[in-house]
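In what follows, a structure is listed as structure tokens, so that the remarks can point back to it.
The values are calculated or read from the model by the stated rules, or taken from the named source; none is laboratory data. Note that the structure is a prediction, hence the values are computed from the model and not measured. A quick note on method: Cβ atoms are made from the backbone with ideal geometry, for glycine too, and the neighbour counts reach across all protein chains shown.
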Amino acid sequence: MILFCEYVVPDSEREAYLRWVAENPDRWEGAELAENVGQPGVFVELRHPADEAEARRIEKERREGRSGWGEMERWVKGGAQGLRIWTFRPVSLHPAND
């Protein structure tokens, strides 16, 4: 599974956001954080939850701003509403034979 968080940080807030990221390395454990090359300020976080229950827990924690995540809202365009989170499950490329 992949849990995908996407948000935009305005250029005027980008450096402050990146400092905050660097000051909190434990928050990013198990996550890949990336910035769009063609659209600076568009960030994605990729996480690999073990199952749907863990994905729901991570999403809830992010949406409710727990574990310090609420601090991030000041840099995200649109605040909490600017955070988009999706969970994807793998698709089998080999359909089961019936």
Among (1) in contact with a Gly (Cβ under 9 Å, 6 or more places away or on another chain); (2) assigned to a helix (DSSP H, G or I); (3) modelled with pLDDT of 90 or more, which single condition is Arg27 missing?
(3)
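For the range 76-97, give me the residue count where each residue is under 18 Å from Val44 (Cα atoms) and at pLDDT below 90.
Going residue by residue through the range 76-97, those that are under 18 Å from Val44 (Cα atoms) are 76-89.
Narrowing further to those that are at pLDDT below 90: 79-81.
So the answer is 3.
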Name the pairs: first residue in the range 73-89 and without any contact (Cβ under 8 Å) to a residue 12 or more places away in the chain, second residue in a loop (DSSP other than H, G, I, E, B), Cβ to Cβ under 7 Å, at least 6 apart or on different chains?
Glu73/Gly65
For Val91, state whether it is among the hydrophobic types (A, V, I, L, M, F, W, C), touching a Leu at 6+ places or on another chain (Cβ under 7 Å) and part of a loop (DSSP other than H, G, I, E, B).
no
Is there any pair linking a residue in the range 9-22 that is assigned to a helix (DSSP H, G or I) to one that is surrounded by 12 or more Cβ atoms within 10 Å (Cβ to Cβ), with Cβ under 6 Å and at least six apart or on different chains, and which?
Asp11/Gly41; Glu13/Trp75; Arg14/Gly41; Tyr17/Val9; Tyr17/Trp75
